[in-house]
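Participant: One structure is given below, represented as structure tokens, and several questions about it will come after.
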Amino acid sequence: MAVFETHQGTSPLILAFPHTGTDVPAAIWERLNDNGRILADTDWHIERLYDGLLPNVTTVRATFHRYVIDANRDPAGVSLYPGQNTTGLVPETDFDGKPIWKDGQAPTEADIADRLANFHAPYHAALAAEIERIKAIHDVAIVYDCHSIRSLIPFLFEGRLPGFNVGTDMGRTCAREIERAAYEVCANAEGYTSVLNGRFKGGWTTRHYGRPETGVHAIQMELAQISHLATEAPPFAYDEDKAARLRVHLKDILHRIAALAATLPH
């Protein structure tokens, strides 16, 4: 199967989708238990949510599920959030801490190495290539990493997650103007809550590529799924009315960030 999909545009902005894929090769599917086969930790419908919001935007989307391997984790397996509950490069549990593999079928070191080579690396090679292509056009490139997660997951965080969760690794991964432009929209969006560099400060994609001094900026947007799903439970259905309201703000964010590209130092 194709492990990623790329749509090439000419905007300075690149949308990355590491967690919307639901493809699981048959040999891996057979090793998942019934809980794992729900694929509950998918970033449901995010590519649909952003579709058409910014003309000529480049998109890079992983088609494989994060249970195959997580495209937003350090390939060396280093934790993004030391001391906090999280899931690894190839998760052993879901976001509720429940096992996802049949007994004795959890991925081995050899499995992880194979999946790094055949899934994780090709996706990031495609993303890196698009960053270089866009940077050649504009002298800068801005990676906007698109995510969503259930708003209530006690295993990962206390309380209810805000609707908008903007992550820039405490301002390290992008120019302050980008951070400010994105968060200003979130903070002023009526009916939504927001936080900057809260529980989610930007995953491996944001931290790896975000090097403002080289002209490459990166920012992560983690959306609470209740903002665009009918319910945060199977079948994780897309809610057209909720999504339409949310898309207004997401469109504003993307257009503001893209407009900043010409003002950033090269």
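The values are calculated or read from the model by the stated rules, or taken from the named source; none is laboratory data. All values reported here derive from a predicted model rather than from experimental measurement. With ideal geometry, Cβ positions are generated from the backbone for all residues, glycine too; neighbour counts draw on all protein chains shown. Each accessible area value is taken on the protein alone, full model and side chains, heavy atoms only, with ligands, DNA and RNA left out. Shrake-Rupley method; radii C 1.70, N 1.55, O 1.52, S 1.80 Å.
Participant: Suppose every Lys and Arg Cβ carries +1 and every Asp and Glu Cβ carries -1, with no other charges. What dipole size does the stretch 1-125 come out with about its Cα centre, to the nearest 20 debye?
Facilitator: Working: 9 positive and 17 negative charges, 37 e Å.
About 180 debye.
Participant: What do you get for Rg/Rh of the chain when both radii come from the Cα atoms and Rh is the Kirkwood radius?
Facilitator: On the way: Rg = 17.6 Å, Rh = 18.6 Å.
Ratio value, two decimals: 0.95.
Participant: Would you be so kind as to identify which of PRO99, LEU196, HIS228 lies farthest towards the positive end of the dipole of the chain, taking Lys and Arg as +1 and Asp and Glu as -1 on Cβ and the Cα centre as origin?
Facilitator: Comparing the listed Cα positions along the dipole, LEU196 ranks first.
Participant: Taking every pair of alpha-carbon atoms in the stretch 180-266, what share in percent sits in each 5 Å bin, from 0 to the bin with the longest distance?
Facilitator: 3, 12, 19, 21, 20, 14, 7, 4, 1, 0
Participant: What does the charge dipole of the chain about its Cα centre add up to, to the nearest 20 debye, if the Cβ of each Lys and Arg holds +1 and the Cβ of each Asp and Glu holds -1? Each step should come with its number before you reach the end.
Facilitator: Numbers: 25 positive and 34 negative charges, 96 e Å.
Computed charge dipole of the chain: roughly 460 debye.
Participant: Assigning unit charges at the beta carbon (Lys, Arg +1; Asp, Glu -1) and nothing else, what dipole magnitude in debye, to the nearest 20, does the stretch 57-188 show about its Cα centre? Display every interim value, and only then the final one.
Facilitator: Numbers: 13 positive and 18 negative charges, 54 e Å.
Here the size comes out at about 260 debye.
Participant: Right, next: Set Lys and Arg Cβ to +1 and Asp and Glu Cβ to -1, take the dipole of the chain about its Cα centre, and tell me which of PHE17, ALA187, HIS147 lies farthest positive.
Facilitator: Of PHE17, ALA187, HIS147, it is ALA187.
Participant: Multiply the residue separation of GLU158 and ASP96 by 0.36 nm, subtract the distance between their alpha-carbon atoms, and state the gained length in nm to one decimal. Please report the intermediate quantities before stating the final value.
Facilitator: Values: separation 62, 0.36 × 62 = 22.32 nm, distance 1.24 nm.
Roughly 21.1 nm would be gained on extension.
Participant: Which of VAL143, VAL185, VAL248 moves the most in a Gaussian network model of the chain with Cα springs under 10 Å?
Facilitator: Judging by the Gaussian network model, the answer is VAL248.
Participant: Given 0.36 nm per residue, what is the gain on full extension from ALA233 to LEU53 after removing their alpha carbon distance, in nm?
Facilitator: 62.2 nm
Participant: Please build a GNM for the chain, connecting alpha carbons under 10 Å apart, and tell me which residue among ALA182, ALA27, ALA237 fluctuates the most.
Facilitator: ALA27
Participant: Which of GLY21, GLY36, GLY191 ends up with the largest GNM mean-square fluctuation for the chain, with Cα atoms connected below 10 Å?
Facilitator: GLY191
Participant: Quick one: Karplus J couplings for the stretch 160-170, per residue in order, coefficients 6.51, -1.76, 1.60, θ = phi - 60°, nearest Hz, x for Gly and Pro?
Facilitator: Per residue, the Karplus-derived 3J(HN,Hα) values read 9, 6, x, x, 10, 10, 8, x, 9, 6, 6 Hz.
Participant: What accessible area, in Å² to the nearest ten, does a 1.4 Å probe give for GLU109?
Facilitator: About 140 Å², ignoring ligands and nucleic acids.
Participant: Follow-up. Computed over the Cα atoms, what is the radius of gyration of the stretch 1-149 divided by 2.2 N^0.38 Å, N being its residue count? Mind dumping the intermediate values first?
Facilitator: Details: Rg = 16.0 Å, N = 149, 2.2 N^0.38 = 14.7 Å.
Computed over Cα atoms of the stretch 1-149, the ratio equals 1.08.
Participant: What aspartates and glutamates does LYS135 reach when the alpha-carbon gap must be under 14 Å and sequence neighbours fewer than 8 apart in one chain are set aside?
Facilitator: Qualifying aspartates and glutamates at Cα under 14 Å: GLU213.
Participant: Let me ask something else. Using 0.36 nm times the number of residues separating ALA113 and THR6, minus their current alpha carbon distance, what extension gain do you get? Please report the intermediate quantities before stating the final value.
Facilitator: Working: separation 107, 0.36 × 107 = 38.52 nm, distance 2.41 nm.
My answer for the length gained is 36.1 nm.
Participant: While we're on this one: Can you list the lysines whose alpha carbon is less than 27 Å from that of LYS242, not counting same-chain residues fewer than 8 positions off?
Facilitator: Partners found: LYS201, LYS251.
Participant: Quick one: check the C-alpha center-to-center distance for the stretch 190-266 versus the stretch 87-109, whole angstrom.
Facilitator: Value for the Cα centre distance between the two parts: 28 Å.
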